[in-house]
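The values are calculated or read from the model by the stated rules, or taken from the named source; none is laboratory data. Everything numeric in this text was worked out from a predicted model, so none of it was measured. Reconstructed Cβ throughout: ideal geometry from the backbone, glycine too, with neighbour counts over all protein chains shown.
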Amino acid sequence: MEQAFNNELIPSFAESIFTDIKDPLIDTTEIGLDAIIKQAPALSAIPIVGWCAAAYEVSKSIQAMNFRKQTLIFIKELNSGKIDAQKLSAYREMLTTNSKKAEEELGRVILILNSTIDEKQTIVLASLFRRYINELISWDKFVELSEINKRMLVADYSILRDYKEEKAVSSEYPARPDYQMQRLLSLGLLIDNVSGPSTFGTITMNSHTYTISSLGTEFSKSL
């Protein structure tokens, strides 16, 4: 894409910026580019429009490939863990008898997968969904935790894993930058307490004692 950017986009843009575009469809942002070209064929003669159309087709292809990849990772991870047979049967029955609920739940998962590019986030999403099917968390809690997962940087997973594995009170616990801890604080996964004696689930850094929150504990179960 970088080569195409250099070899095609710049020249196309240079040829196009002085083009007198009078067609009113060009101002209708709700109409897709392909539809505009079909309704106004003359626009396809403008180099930048042709370049954008080609780039749009490439982007659709890339997005489709990524969605397929993330979907396959999700399915694989979902089925790699234990799901109670009765709960699984009940959930599958719900999907066939309650189309509105199925659309709400699976539709949400699909939208998340379509916007996810990191497979580690997809793996955590599948773990969260498996816990939902097992009735270990409610749908509202799944929504909350999946939103947190979307906003997390995968580099921060290791902090919560250390808390989960009781490494946060170990002398070998690695130093973490304040900005990294602040990211987890902003998501409600850690609590910033005043400096004090270290107990299980806490770590003191730069005069701050960070404690894993109940939400952080819940989220860490899917890591």
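One table, with the values for the structure above:
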{"item": "Residues of region 108-131 that turn out to be surrounded by fewer than 20 Cβ atoms within 10 Å (Cβ to Cβ) and either among the aromatic types (Phe, Trp, Tyr) or in a loop (DSSP other than H, G, I, E, B) (or both), as a count", "result": "2"}
{"item": "Condition broken by Lys167, with the remaining ones in (1) modelled with pLDDT under 95; (2) surrounded by 17 or more Cβ atoms within 10 Å (Cβ to Cβ); (3) touching a Phe, Trp or Tyr at 6+ places or on another chain (Cβ under 8 Å) satisfied", "result": "(2)"}
{"item": "Neighbours by Cβ (under 6 Å, 6+ apart or cross-chain): first from region 57-71, among the hydroxyl-bearing types (Ser, Thr, Tyr); second surrounded by 13 or more Cβ atoms within 10 Å (Cβ to Cβ) and part of a helix (DSSP H, G or I)", "result": "Thr71/Leu113"}
{"item": "Filter result for the condition that a residue is modelled with pLDDT of 85 or more, over 24 Å from Arg183 (Cβ atoms) and either touching a His at 6+ places or on another chain (Cβ under 8 Å) or crowded, with 19+ Cβ neighbours inside 10 Å (or both), over Glu105, Glu135", "result": "Glu105"}
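Residues checked against (1) of a type outside the set (Asp, Glu); (2) modelled with pLDDT of 80 or more; (3) not in a loop (DSSP other than H, G, I, E, B):
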site	(1), (2), (3)
Ser158	yes, yes, yes
Tyr173	yes, no, no
Arg183	yes, yes, yes
Phe200	yes, no, no
Thr204	yes, no, yes
